[in-house]
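The values are calculated or read from the model by the stated rules, or taken from the named source; none is laboratory data. Everything numeric in this text was worked out from a predicted model, so none of it was measured. Heads up, the Cβs are rebuilt from the backbone with ideal geometry, glycines too, and the neighbour counts pull from every protein chain shown.
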Amino acid sequence: MRITETECRVQRDAAREAFGAESKVFLFGSRVDGARRGGDIDLLVKTGKRGHATIFASQLQFLAKVELALGEQKVDVLVDSPERKSLPEILRIARAQGVEL
């Protein structure tokens, strides 16, 4: 994995604050591969929260907390909730290759 322990901790803590204590954060994409260089931070957050507005507000809160703690970085966040009706390909990839932080 190509993120620091501090980045892991910040992202886990921010997810718990924004999405609830039961939420889990997974890293996927190029940052999972230690041999690659560069790339944005691709995250999948699993939450029990429901409602599009609630999830969107939580996502914004999460991103703000991460940016305040780590500075401006390119972070992409997918949110997986119990009420999701479709499973886009990117979510299948994130679920398959995600590494829990």
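For this structure, a couple of remarks:
- Leading residue by the ranking (nearest to Arg12 (Cα to Cα)) among those in the range 31-53 that are β-branched (Val, Ile, Thr) and at pLDDT 95 or above: Val45
- If you filter the range 49-61 down to residues that are surrounded by 13 or more Cβ atoms within 10 Å (Cβ to Cβ) and over 22 Å from Arg92 (Cβ atoms), you find that the one that is farthest from the chain's Cα centre (by Cα) is Thr54.
- Test for Lys46: is it touching a strand residue (DSSP E or B) at 6+ places or on another chain (Cβ under 7 Å), basic (Lys, Arg), surrounded by fewer than 17 Cβ atoms within 10 Å (Cβ to Cβ) and within 16 Å of Leu78 (Cα to Cα): no
- Matching residues in the range 83-99 - criterion: being assigned to a helix (DSSP H, G or I) and either touching a strand residue (DSSP E or B) at 6+ places or on another chain (Cβ under 6 Å) or surrounded by 10 or more Cβ atoms within 10 Å (Cβ to Cβ) (or both): Ile90, Leu91, Arg92, Ile93, Ala94, Arg95, Gln97
- Residue check, Val45 of a type in the set (Val, Ile, Thr) and either farther than 25 Å from Arg84 by Cα or touching a residue at least 40 places away in the same chain (Cβ under 8 Å) (or both): no
- Scanning the range 17-43 for residues that are surrounded by fewer than 18 Cβ atoms within 10 Å (Cβ to Cβ) and outside any loop (DSSP other than H, G, I, E, B) yields Glu17, Lys24, Ser30, Val32.
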